[in-house]
Structure formats: structure tokens, C-alpha cells
1. Out of everything in the stretch 171-183 that is assigned to a helix (DSSP H, G or I) and in contact (Cβ under 8 Å) with a residue 24 or more places away in the chain, what residue ends up being farthest from the chain's Cα centre (by Cα)?
2. Find all pairs meeting these conditions: Cβ atoms under 7 angstrom apart; at least six residues apart or on different chains; first residue within the stretch 247-275 and in contact (Cβ under 8 Å) with a residue 40 or more places away in the chain; second residue open to solvent by 50 Å² or more (accessible area, probe 1.4 Å).
3. Out of (1) hydrophobic (A, V, I, L, M, F, W, C); (2) in contact with a His (Cβ under 9 Å, 6 or more places away or on another chain); (3) surrounded by fewer than 20 Cβ atoms within 10 Å (Cβ to Cβ); (4) not in a loop (DSSP other than H, G, I, E, B), what's the single condition that is false for Ile125?
4. Return the only residue of Leu202, Leu186, Leu153 being part of a loop (DSSP other than H, G, I, E, B) and at pLDDT 95 or above.
5. Any residue in the stretch 212-225 that is under 15 Å from Ser155 (Cβ atoms) and in contact (Cβ under 8 Å) with a residue 60 or more places away in the chain sitting within a Cβ distance under 7 Å of a residue that is open to solvent by 50 Å² or more (accessible area, probe 1.4 Å) and part of a helix (DSSP H, G or I)? List the pairs, counting only those 6 or more apart or interchain.
6. Which of the residues that make up the stretch 156-166 are assigned to a helix (DSSP H, G or I) and either touching a residue at least 60 places away in the same chain (Cβ under 8 Å) or surrounded by fewer than 16 Cβ atoms within 10 Å (Cβ to Cβ) (or both)?
7. Can you pull out every residue in the stretch 201-234 that is more than 20 Å from Asp165 (Cβ to Cβ) and surrounded by 24 or more Cβ atoms within 10 Å (Cβ to Cβ)?
8. Got a number for residues in the stretch 168-221 being under 19 Å from Thr41 (Cα atoms) and among the acidic types (Asp, Glu)?
Amino acid sequence: MRLVILDEYNLASEWAAKYIRNKIIQFQPSADKYFTLGLPTGSTPFGCYQKLIEYYKNGDISFKYVKTFNMDEYVGLPRAHPESYHSYMWNNFFKHIDIDPANAHILDGNADDLDAECQAFEKKIAEAGGIELFVGGIGPDGHIAFNEPGSSLVSRTRVKTLAKDTIVANARFFGNDLSKVPTMALTVGVGTVMDAKEVMILITGAHKAFALYKAIEEGVNHMWTVSAFQQHPRTIFVCDEDATLELRVKTVKYFKGLMHVHNKLVDPVLSIKDQ
């Protein structure tokens, strides 16, 4: 497990974007070999998406041969609703890059048969050859995707009832009206993300500090589902300084002492112009 600590949110976002850029370019995707990327929504990855859009517009990266699989989607929220994750992904990322819409996979929270939709999503991931890199974020209670506290750590894509804390946290997107916040979602499982060849989790802000502490300094615990990734062979946590506030000083010092190693993953930053 790697813990990459940057001074502030923008630097953490840039480091993550450079890492994704390098992974895609090193993979050398083509019509016969697509790079598969798992993606989150929310405020944390926004800065990372902005940097990736910048790299695309500068001609440094292409998403033509990339397939994406999003982590989750609300149940019952119209796809065109401004707070649907379809809207979030298209408005904040997909419409600004050269990805083929047919290769951008997002769960349909309005499907007639939600269980069948979840099973079909798992099948699509398998048919794409699995996920090369799954990028995720976490909630203050340590949930990844909508795998709320108490979720099975071997769970697959399924329908999930949202915890009250999550509904309250998301109310800010619905005019702070709790009655308008969806109470159910479709989500990839912890096991779905664990199957990825590599996982990168973005954690920023002091309000996520206790979750980061639970994720890396304590044991694996289904009440803090992000802690499962201690057992993944290739996990990178990317955080800002504020997110480390609950960690032991020696933990922070240890991982900061490895930054010269971690930075080799993004320096040099690669470009398709050089290929």
C-alpha cells in the first residue's frame, strides 16, 4: 500500500491526474486493447477531472481507446436530473474529452429490473477484461462507492439502501431538502473494486481525516469499507495534508519519507506527443 501526501487539494488532484495519464499512455491502448478505468463522482475527483481535460486539450492524452465504468448511480433520479451521476460525469468530464459515449458505462438507476442491471454491469466489466485502474473516493464514514458501513467486503454490484449520514451529506446537492435526496442507489461492490488490477483512492479535507486513519492505521473492518483495500496488492491512497490530521506523526513521517519514490510514478509525465 502506498500513501501519497500532497500539501493541498489542487496538488493532490494534479498528482492523481498525472498518474492516470501515465498509466493510460504506458498501456498503449488501441482498437484491439482498451484501457479500462473505474471512476467516481463527487467533489473530491472534480479537480482530477479538470486536469485530465486540460491534458486532453493540450494533446497529451487521448481517451479514444478507454472504457470507463462508474462506481454508482442513484435509483429513481431521472438521468437528465442535474444531480444524477450521468449528468455529473458528462458535464464535468466526458463531454470535454474524446471518449466514445458507447464506452462510458454508468449504471441505470431507472432500469425496470435493477438486479438484472447490476448483473449486466458486472458482465460488461468482465467482458472488457476487468478494470486496469479503479479510482475511488470515500465518505466521512469510510464508505467507498455506496458500500455503506456494514457492507460485505466481498460484495458485488447491487442495489443499496443509503445510510442516513450519506443522505444528510448529499442534501447540499438537493437544496438541503432531505425529502428530495434519493434513499437508494446502485453501486459496485467492495469485491468488484478489489478485483481491479490497481486501486487509487482520493481522500482530501479534514472531514475525511478520521476515515483515512481507519483506512490505514487500524484493521480491516466492514464498518469502514475502505479499510478492505489494505489487502489489495496495489492500492494507492492520494491525500492532502488536511486528510492526515488523525494519523500518527510517525505514520505521516514514514510515508512522506517515501515521496521521492512515489513521485517517480508521475515524473516524467508522459505524453502521446512523444510516441
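The values are calculated or read from the model by the stated rules, or taken from the named source; none is laboratory data. Remember, predicted model here, so these are calculated numbers, not experimental data. Cβ placement follows ideal geometry from the backbone for every residue including glycine, while neighbour counts extend to all protein chains displayed. These area figures cover heavy atoms from the full protein model, side chains too; ligands, DNA and RNA do not enter into them. Shrake-Rupley method; radii C 1.70, N 1.55, O 1.52, S 1.80 Å.
1. If we take residues in the stretch 171-183 being assigned to a helix (DSSP H, G or I) and in contact (Cβ under 8 Å) with a residue 24 or more places away in the chain, then Phe174 is farthest from the chain's Cα centre (by Cα).
2. His262/Arg2; Val266/Lys18; Val269/Lys18; Leu270/Gln26
3. Result: Ile125 fails condition (3) only.
4. Leu153
5. Going by the 7 Å Cβ cut-off, the qualifying pairs are Val220/Gln230; Val220/Gln231.
6. Hits for the stretch 156-166 are Lys164, Asp165.
7. Phe229
8. 1
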